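Below: the structure, in structure tokens.
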Amino acid sequence: MSFVAAIQSGFRNYAKFRGRATRSEYWWFFLFTVLAQSVASSIDENFGNIVGLAVFLPGLAVHVRRMHDTGRSGWWVGALYGSIAAVIVAVVVLIIDAAIDFSEFSNGTFANDDFFGENVSGGSIAFVGLAGLVTLAMLVVNIVFLCQRSNESENRFGPPPPPRTL
């Protein structure tokens, strides 16, 4: 599939999470989104954010269809985004814990001479680390799946996409 055909397919199927997408379709569309967001962000940060929102759903859909093409569930993509959300939650909890501890700062020293103090538990720090490791693992797994060859025959997600010429 060509670069232009992949972009057309990505936007034509912008919210289609069923079916399959070839490796070339996914990676050409991925390259397009990176380039479009880079150019838009260089023009204006807000414009870059708008372009990012515009290509998020089509990119997510083509990612799910690519997983289907390798015979895997789209929930692998959900696991990646879920782990990213867990990192965000963990960092927010850690910041809140540190803010509570910082509010106990008086006379230039912490009440118990520990920057994190008693309010920041080791569990909060461990949660950030664990969530980060899970996210890294999910990212590696997704990249490996995205790089694998397509199933040549029909799978539970449908027949393979028809071959396209340049």
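The values are calculated or read from the model by the stated rules, or taken from the named source; none is laboratory data. Remember, predicted model here, so these are calculated numbers, not experimental data. Every residue, glycine among them, receives a Cβ derived from its backbone with ideal geometry; neighbour counts consider all protein chains shown.
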(message) Just the residues that are closer than 20 Å to GLN148 by Cβ and part of a helix (DSSP H, G or I), please, taken from segment 11-61.
(response) ARG23, SER24, GLU25, TYR26, TRP27, TRP28, PHE29, PHE30, LEU31, GLY59, LEU60, ALA61
(request) For PHE127, work out the one condition from (1) crowded, with 17+ Cβ neighbours inside 10 Å; (2) within 27 Å of ALA5 (Cα to Cα); (3) at pLDDT below 90; (4) in contact with a helix residue (DSSP H, G or I) (Cβ under 7 Å, 6 or more places away or on another chain) it doesn't fulfil. (result) (2)
(request) Determine, yes or no, whether ARG66 is outside any helix (DSSP H, G or I) and crowded, with 16+ Cβ neighbours inside 10 Å. (result) no
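Of all residues in segment 16-26, which are surrounded by fewer than 18 Cβ atoms within 10 Å (Cβ to Cβ) and either assigned by TED's automatic domain parsing to the domain that holds CYS147 or within 17 Å of the chain's Cα centre (by Cα) (or both)?
Of all residues in segment 16-26, those surrounded by fewer than 18 Cβ atoms within 10 Å (Cβ to Cβ) come to 16-19, 23-24.
Residue satisfying the conditions is PHE17 alone.
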(request) Please indicate, with yes or no, whether at least one residue in segment 51-64 is touching a Gly at 6+ places or on another chain (Cβ under 9 Å) and either basic (Lys, Arg) or within 18 Å of LEU136 (Cα to Cα) (or both). (result) yes
(message) Going by what's in this entry, would ALA85 be described as under 12 Å from the mean Cα position of the chain (by Cα) and loosely packed, with under 13 Cβ neighbours inside 10 Å?
(response) yes
